[in-house]
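Some notes on the structure that comes next.
The values are calculated or read from the model by the stated rules, or taken from the named source; none is laboratory data. What you see is a predicted model; the values in this text were computed from it and never measured. Here the Cβ is made from the backbone with ideal geometry for all residues, glycine too, and neighbour counts use every protein chain on show. Heavy atoms of the whole protein, side chains included, go into the accessibility calculation; ligands, DNA and RNA do not. Shrake-Rupley method; radii C 1.70, N 1.55, O 1.52, S 1.80 Å.
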Amino acid sequence: MRFATVRDLETRSERMAAADAHVRRRVLVCSGTGCAAGGALDLYEKLVAQCRKVKLEVEVELAPCGEAKEPLYAAVTGCQGLCQMGPLVQILPDDILYTHVTPDKAKDVVAKTLVGGEVIEKLLYKDPESGKRISKRDEIPFYKGQRFIALEGCGRVQATSLDAYIARGGFSSLIKALGMKPEAVISEVEKSGLRGRGGGGFPTGRKWRSCVEAEGEERFVICNGDEGDPGAFMDCCIMEGDPFRVLEGMMIAAHAVGAKRGFIYVRHEYPRAVERLQKAIADCRETGLLGERILGSGLSFDVRLSRGGGAFVCGESTALMRSIEGNVGEPRAKYVRSVQKGLYDKPTVLNNVETFACVPAVIREGGEWLAKIGTKRSPGTKAFCLVGKVRNTGLIEVPMGTTLRSVIYGIGGGIIDGRPFKAVQTGGPSGGCLPESALDLPVDFDALIGAGSMMGSGGMIIMDDRTCMVDVAKYFLHFLLEESCGKCVPCREGIFQLHAMLEAMSTGRSQAGDLEKVRRLAEDIAASSLCGLGKSAPNPVLSTLRYFEAEYRAHIENHKCPAGVCRELTTFQIDKDKCTGCMVCVKACPPEAITGEKKKPHAIDEAKCTRCGACRTVCGYDAVQTR
Amino acid sequence: MGLVPKTDIGKVDAIVDRYGADASSLLAILQDLQDEARYLPREALDRVVERLGVPLARIYAMATFFQSFHLKPRGEHIFTVCVGTACHVRGAKRLVEQLERDLKIPSGATTADLKFTLEEVNCVGACALGPLVIINGEYNGSMTSGRLTKIAERLAKGEVKE
Ligand SMILES: Cc1cc2nc3c(=O)[nH]c(=O)nc-3n(C[C@H](O)[C@H](O)[C@H](O)COP(=O)(O)O)c2cc1C
Ligand code: SF4
Ligand code: SF4
Ligand code: FES
Ligand code: FES
């Protein structure tokens, strides 16, 4: 199959759309990283095998078939969102969402639901307040208030199939764009107000225009799939769950700026994203969607995938380009802009995965459509990974302007075990921690920066009262210390010193006046580092200092860690009045430091205790206290 | 696989040829080499030097810059603890410390008998399930120190399949 013309692709799309409409019932198994870790791929195979065993005919690819046949279609999708309760399985059109579907449940699902037409109550989502079971995905609080643009297809279509993608209108935006002058495509993106989703929020249309205006024969389009923020997986989900959409976005960009070659730089730790993108690229080449004169138009474009090597700084645009060129990824000073002199010193457009995933919708619906969603200065939606101490962890996408509170309490369902909220971290190692008082801030590039954090690429980590802010700041410094490329002194030596100072605080070796030193050094590093890594490295420290200074003081002045995290400053004890003698902590304690008889208060032997905190986590009566 | 597999020069050549012996594909070549042997054996690197005509220093620069490369042999069982932020706030550090005690090696090291390696990684994209430990390639979510200790004990006794 090769699409020589637009008409060829449209014909195939129509056939596949008809096949899709013909499906009697579809079973969508989530194969995102979270669900896959829970055995989703095994589950999928078992489901298919079980269907065949009971002589229930099942298609594993969307295929045009005779009118009379209305197949059952079983496919794997990208992340469906509520990873916390994975593996997830959706059954349509019945509109059933099953949670915690471990591979051993395959038989039941086939026998009861697919054959018997009955809903298995205990696999349904259970509302924690009312205890009521909810069957429809969109009625689950987690999915309310979300709006999907970048994640439009993720979790809904077979992730690995070009036919499934085009059946739902895939590549129609490319067709539309090819019918427009490049200039018109750029105007449309400008009109939409789309801002880069990789963290900085630079206007995408303006970036494309500068690239076109730059001098040079050859131009490149690069997709940044390095996703270095440790604790974020949106881009991973998009690349795994909807790889063709990313390619379509890149092709539209290539048409707009006149690029012939493109690159996707994918993080080494995402093997499945690499595999699926590679297959998508191969499928596009084979069908002529990549290559010479795509769909008979003037656009010739090919994409190559590069695997990153596991270095955070390579997510920075100039370092990433150096790395694609085959060098060690060190950033370059920004006095030459990479839209003008980027990869191999040629004009280059570099955008984030999520940015590219938004582009097809912008072209399809028009720039004004996106501009009306979200806030005035941050139009559209933003995908986040909602993780940490929140009840419902997973992948979400919300209109800009949604408040942090409605994300954490509405979608996220509040804090685990009903503990008090302490902080929300956004922006990864370049971002900051915001306290309770900031919860009514909207998700918006400028609002978050104003509060001392930043939007970042979409990690959103929720922390409760058992998270120590000094420890969190130290954590990020340690991360950056290892990740600094070492090219410039303020970053390399400054982060080292800052980390040492926080280490001293968390081990009770700091002195009065240290806070001032930390502040001053942090400001110096921000002012004098070369690239974004160094410039933003002090943010986690400065933002926690801004909102949680008292906690720093407790470490310095009283040698205490109020959250009970810094081990040198913490001792564990069991509150005799609260302990019910349930023995749960005894089993959880690796060095066997807890003694006590059933139904009698337990005690911790301080000499044996390694302060691992396991007992505090498992105790259901809040009896383990820290001092 | 044996303890320290002997480097098969033919395989190294095949990988180099896969990229047309092009030095700008050095990163990809090293990645494929490592996928083959789980680390980058010196003999393999010497062969790459010969084939590509790049200095060994450049290879070392790359292999030490990127965290995903290993220059020493790794153990038969590999514990990789995710220390990304989401896993960190759910206690990943405690898990590293537990394994350090159980395996009696510091994080990043391999036991002398080449039985165990303990490593850390910054996020593997399953943050929703944190804290996460990858044991011989398999992702294990919501990990606790108690469960880890038991798994390490079982692996040490050779009770668990590869
Ligand atoms: C240290 C550092 C790490 C970065 N990591 C990433 C990353 O992992 N993914 C990403 O898309 N952008 C990252 N960026 C931002 C990129 O440099 C660049 O601005 C972005 O990819 C542009 O795409 P956008 O305009 O679509 O957001 C990083 C920047 C810095 C300074
Ligand atoms: S700021 Fe840090 S990471 Fe960036 S170039 Fe300087 S040393 Fe390297
Ligand atoms: S903190 Fe850890 S070592 Fe100490 S008593 Fe609790 S479970 Fe045991
Ligand atoms: S991985 Fe399945 S819901 Fe996210
Ligand atoms: S932080 Fe551990 S998987 Fe992302």
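Using Cα atoms only, what is the angle between the long axis of helix B:92-103 and the major principal axis of chain B, expressed in degrees (0 to 90) to the nearest 10?
So the inclination is approximately 80 degrees.
More than 13 Å apart: what percent of Cα pairs in the range A:571-626 qualify?
48
Using the Kirkwood formula over every pair of different C-alpha atoms, what hydrodynamic radius in Å results for the range A:381-464?
With all distinct Cα pairs of the range A:381-464 included, I get 12.2 Å.
Projected area of the range A:405-451, taken from the Cα convex hull and averaged over every viewing direction, in nm²?
If I average the Cα hull's projected area over directions, I get 3.5 nm².
Which distance in nm do the two modelled labels at residue A:599 and residue A:553 give, with both placed 7 Å along the Cα-to-Cβ direction?
Simple spin-label model gives 4.8 nm for this pair.
Work out, step by step, the length gained on full extension between residue A:587 and residue A:519: first 0.36 nm times the residue separation, then minus their alpha carbon distance; give nm to one decimal.
Full extension from residue A:587 to residue A:519 adds 20.1 nm.
Show me the three semi-axes of the equivalent ellipsoid for the range A:227-323, from the C-alpha gyration tensor (sqrt of 5 times each eigenvalue), largest first, rounded to whole Å.
Computed over the range A:227-323, the values are 25, 15, 11 Å.
Just the number, please: carbon plus sulfur as a percent of the accessible area of the range A:431-518, 1.4 Å probe, no ligands or DNA/RNA counted.
Of the solvent-accessible surface of the range A:431-518, carbon and sulfur hold 56 percent.
So which trypsin sites (Lys or Arg not before Pro) in the range A:26-57 pass both tests, a DSSP loop state and at most 11 other Cβ atoms within 10 Å of the Cβ?
When the trypsin sites (Lys or Arg not before Pro) of the range A:26-57 are filtered for loop state and at most 11 Cβ neighbours within 10 Å, A:55 remain.
Using the scaling law 2.2 N^0.38 Å as the reference, what is the normalised Cα Rg of the range A:469-557?
For the range A:469-557, the normalised Cα radius of gyration comes out at 0.99.
For chain A, with every protein chain kept in place, what is the accessible area per residue (1.4 Å probe, Å²)?
38
List the lysines whose Cα sits under 20 Å from the Cα of residue A:107, skipping any in the same chain fewer than 8 residues away.
A:46, A:53, A:55, A:122
Among A:586, A:203, A:526, which residue has its Cα positioned farthest towards the positive end of the charge dipole of the protein assembly as shown, with +1 placed on the Cβ of Lys and Arg, -1 on the Cβ of Asp and Glu, and the dipole taken about the Cα centre?
A:586
Quote the total accessible area buried by chains A and B together, excluding ligands, DNA and RNA, probe 1.4 Å, nearest 100 Å².
3700
Testing the spin-label approximation: label points 7 Å from Cα along Cα→Cβ at residue A:49 and residue A:546. State their distance in nm.
Distance between the two pseudo-spin positions: 5.5 nm.
Using a Cα-Cα cut-off of under 17 Å, which lysines could be cross-linked to residue A:191, ignoring same-chain neighbours fewer than 8 residues away?
Partners found: A:176, A:181, A:207, A:372, A:376.
Per residue, how many Å² of accessible area does the range B:1-110 show with a 1.4 Å probe?
43
Looking at the range B:88-103, which residues lose a minimum of 20 Å² of accessible area between their chain alone and all protein chains in place, measuring with a 1.4 Å probe and not counting ligands or nucleic acids?
Going by heavy-atom accessible area, the residues of the range B:88-103 that drop by at least 20 Å² are B:88, B:89, B:90, B:93, B:94, B:97, B:98, B:101.
For labels at residue B:19 and residue B:64 in the simple 7 Å Cα→Cβ model, what's the distance in nm?
2.0
Over all distinct alpha-carbon pairs, what is the Kirkwood Rh of the range A:1-126 in angstrom?
Here the Kirkwood hydrodynamic radius works out to 15.4 Å.
Please list, or write none, the aspartates and glutamates whose alpha carbon is within less than 15 Å of the alpha carbon of residue A:136, excluding same-chain residues fewer than 8 places away.
Leaving aside aspartates and glutamates fewer than 8 places away in the same chain, those within reach of residue A:136 are A:94, A:95, A:118, A:121, A:127.
When DSSP beta bridges are limited to those with both residues in the protein assembly as shown, what percentage is antiparallel, rounded to the nearest 5?
Here the share of antiparallel DSSP bridges comes out near 55 percent.
What size of dipole, in debye to the nearest 20, comes out for the protein assembly as shown about its Cα centre when the only charges are +1 on Lys and Arg C-beta atoms and -1 on Asp and Glu C-beta atoms?
Here the protein assembly as shown has a charge dipole of around 880 debye.
Round to the nearest 10 and give me the degree value, 0 to 90, for the angle of helix B:56-65's Cα axis relative to the longest principal axis of chain B.
In chain B, helix B:56-65 runs at an angle near 20 degrees to the longest axis.
If you take the alpha carbon radius of gyration of the range A:52-129 and divide it by 2.2 N^0.38 Å, what ratio comes out, to two decimals?
1.20
Report, in deg cm²/dmol and to the nearest 500, the calculated mean residue ellipticity at 222 nm for chain A, where each DSSP H run with n ≥ 4 adds -39500 (n - 2.57) and the sum is divided by the residue count.
Computed mean residue ellipticity for chain A: -10500 deg cm²/dmol.
Could you check how much of the accessible area of the range A:16-136 is carbon and sulfur, as a whole percent, using a 1.4 Å probe?
The nonpolar share, carbon plus sulfur, comes to 53 percent.
May I ask for the Rg/Rh ratio of chain B, computed from Cα atoms with Rh as the Kirkwood radius, given to two decimals?
Reported Rg/Rh (Cα atoms, Kirkwood Rh): 1.02.
Using only the alpha-carbon atoms, how far is helix B:145-156 inclined from the longest principal axis of chain B? Give it as 0 to 90 degrees, nearest 10.
Taking the Cα atoms of chain B, the angle to B:145-156 is about 60 degrees.
Roughly how big is the range A:469-557's charge dipole about its Cα centre, with Cβ charges of +1 (Lys, Arg) and -1 (Asp, Glu), in debye to the nearest 20?
180
Considering the Cα trace of the range B:60-151, what is its radius of gyration and what is Dmax, both in angstroms?
12.9, 39
Can you give the FRET efficiency for residue A:14 and residue A:436, using 1/(1 + (r/R0)^6), R0 = 41 Å, r = Cβ-Cβ distance, to the nearest 0.05?
That pair, residue A:14 with residue A:436, gives E of 0.15.
How far, in nm, would the chain grow between residue A:503 and residue A:364 when pulled straight, counting 0.36 nm per residue and subtracting the alpha carbon separation?
Computed gain between residue A:503 and residue A:364 is 44.8 nm.
Please report, in cubic angstrom per residue, the volume enclosed by the convex hull of the alpha-carbon atoms of the protein assembly as shown.
Per-residue hull volume (Cα only) is 170 Å³.
Normalized C-alpha radius of gyration of the range B:111-159, against 2.2 N^0.38 Å?
1.22
Among DSSP beta bridges whose residues both lie in the range A:169-371, state the antiparallel percentage, nearest 5.
10
For residue A:482 and residue A:627, what is the calculated FRET efficiency with R₀ set at 25 Å and r taken between the beta-carbons, to the nearest 0.05?
Calculated value: 0.20.
Calculate, axis by axis, the spread of Cα positions in the range A:169-371 along the three principal axes, and write the results as whole Å, longest axis first.
Reported extents, whole Å, longest axis first: 40, 37, 33.
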